[in-house]
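Working notes for the structure below.
The values are calculated or read from the model by the stated rules, or taken from the named source; none is laboratory data. The shown structure was predicted, so the numbers you read here are calculated from the model rather than taken from an experiment. When we count neighbours, we look across all protein chains shown, and the Cβ atoms used for this are built from the backbone with ideal geometry, even at glycine. Each accessible area value is taken on the protein alone, full model and side chains, heavy atoms only, with ligands, DNA and RNA left out. Shrake-Rupley method; radii C 1.70, N 1.55, O 1.52, S 1.80 Å.
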Amino acid sequence: MSEINYSVAIRTLGKAGKKYQMLLDSLVSQSLPPQQIVVYIAEEYELPKETCGKEKYVYVKKGMHAQRALSYDEIDTEYILFCDDDVWFPRNGVEQLFNSLISNNADVVSPDVFPNHERPLKGELMMTLSGRMRARRNDNRYGYKVMATGGYSYNKHPGNRALLSETNAGPCFLCRKSDFKKIRFEDESWLDDNTYAIGDDQVMFYKMYLTGLKQITLYGSGIKHLDAGNNLGNKEKEKKLIEADCFFRTIFWDRFIQRPEKNFFKRIYNIISIKYFFVFSYIVSILKKEPEFYRIKKRGRNRALQFIKSHRYRSLSNLVCK
């Protein structure tokens, strides 16, 4: 294991504060320390005062997608550990990732930092009804799978082990630099045109799956997402997030679920699934007497449908599928 060299690529706005310092401190104290720590910070943002004395900064265009869909010319190691600025690793965290990657003959490994399997029954049922996510039981093979609604299902009893996955959580993952470049993530620049940063991780991981990369989720690693951001701090942010979700889901469904599908009956099922998702969402807003949220959801979906008809969308590169 000691002969493996890797670098860390961190995306940031430089505002994570103590949580960013915790990340840096945990990286330099790894049992398998990185060769480089390269931090990709958005243009016009000040460099953070937190430091471990080993990091190198590179200014890039702002955006969750733009700050990850890079050439990584600054990195010359075979493997890259991709991180957001609010992740923490136990001392053997990276070593666990490599052990898992090698022992499972996998191409990509991501720790499960959002324990969906711990969701209580009431929340589980509501998510299932909405079509957003669903718990799977008696599955000893897969961790996360993408559903026909554009949502995902998760393993209800994963245990402390590695399982195959079609998608993953994006705060942290490990893969070869060459494998990351295979998915042509730069083609998905439309992600940063949304009203709120959402969905870039799902697109990235599902493209890995469609490309044929073997992807696993590692449970029980002790790696933590410290959550530096406040996604829903006020009503305006909530409105932007809701519109962005409807915009993203419509495009994700069209580009990554429906278009690659060749089976006629599965295509019909996909159409029924996405219609169910949006009709259910609209009905919830009506029953809760939230006409503004209803209009926001419709606006997000309509914006996506217009984009799907555009020359820019039609010009996107075809997916490389296994």
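Laid out as a table, the results:
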quantity: Criterion (open to solvent by 50 Å² or more (accessible area, probe 1.4 Å), polar (S, T, N, Q) and within 30 Å of Y20 (Cβ to Cβ)) met by exactly one of N234, N302, N318, N263; calculated: N234
quantity: Selection from the stretch 74-96 of residues that are outside any loop (DSSP other than H, G, I, E, B) and more than 20 Å from Q202 (Cα to Cα); calculated: Y79, W88, G93, V94, E95, Q96
quantity: Qualifying residue in the stretch 193-200 (condition: within 19 Å of V108 (Cα to Cα) and either out of contact with any Pro (no Cβ under 7 Å at 6 or more places or on another chain) or open to solvent by less than 40 Å² (accessible area, probe 1.4 Å) (or both)); calculated: yes
quantity: Some residue of the stretch 26-45 being among the charged types (D, E, K, R), open to solvent by 20 Å² or more (accessible area, probe 1.4 Å), modelled with pLDDT of 95 or more and in a loop (DSSP other than H, G, I, E, B); calculated: yes
quantity: Output for the stretch 104-122, where each listed residue is without any contact (Cβ under 8 Å) to a residue 24 or more places away in the chain and over 17 Å from the mean Cα position of the chain (by Cα); calculated: E118, R119, P120, L121, K122
quantity: Number of positions in the stretch 154-177 that are of a type in the set (G, A, S) and free of Cβ contacts under 8 Å to residues at least 40 places away in the same chain; calculated: 0
quantity: Residue within the stretch 13-25 that is touching an Asp or Glu at 6+ places or on another chain (Cβ under 8 Å) and in a strand (DSSP E or B) present; calculated: no
quantity: Top-ranked residue in the stretch 133-148 [being open to solvent by 20 Å² or more (accessible area, probe 1.4 Å) and touching a residue at least 40 places away in the same chain (Cβ under 8 Å); ranked as nearest to P171 (Cα to Cα)]; calculated: V146
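For every residue, the table says whether it meets (1) at positive phi; (2) open to solvent by less than 20 Å² (accessible area, probe 1.4 Å); (3) in contact with a strand residue (DSSP E or B) (Cβ under 8 Å, 6 or more places away or on another chain).
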{"site": "K49", "(1), (2), (3)": "no, no, no"}
{"site": "K54", "(1), (2), (3)": "no, no, yes"}
{"site": "K61", "(1), (2), (3)": "no, no, yes"}
{"site": "Y72", "(1), (2), (3)": "yes, yes, yes"}
{"site": "N99", "(1), (2), (3)": "no, no, no"}
{"site": "V109", "(1), (2), (3)": "no, yes, yes"}
{"site": "N116", "(1), (2), (3)": "no, yes, yes"}
{"site": "L121", "(1), (2), (3)": "no, no, no"}
{"site": "E124", "(1), (2), (3)": "no, yes, yes"}
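The rows are residues; the columns are (1) under 30 Å from T77 (Cα atoms); (2) part of a helix (DSSP H, G or I); (3) at pLDDT 95 or above.
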residue	(1), (2), (3)
N140	no, no, no
G159	no, no, no
G170	yes, no, no
T195	no, no, no
F205	yes, yes, yes
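So that you can scan it fast, the table gives a plain yes or no per residue for (1) of a type outside the set (K, R); (2) in contact (Cβ under 8 Å) with a residue 24 or more places away in the chain; (3) in contact with a helix residue (DSSP H, G or I) (Cβ under 9 Å, 6 or more places away or on another chain):
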{"residue": "L218", "(1), (2), (3)": "yes, yes, yes"}
{"residue": "G222", "(1), (2), (3)": "yes, yes, yes"}
{"residue": "D227", "(1), (2), (3)": "yes, yes, yes"}
{"residue": "N234", "(1), (2), (3)": "yes, no, no"}
{"residue": "E243", "(1), (2), (3)": "yes, yes, yes"}
{"residue": "T250", "(1), (2), (3)": "yes, yes, yes"}
{"residue": "F256", "(1), (2), (3)": "yes, yes, yes"}
{"residue": "P260", "(1), (2), (3)": "yes, yes, yes"}
{"residue": "R267", "(1), (2), (3)": "no, no, yes"}
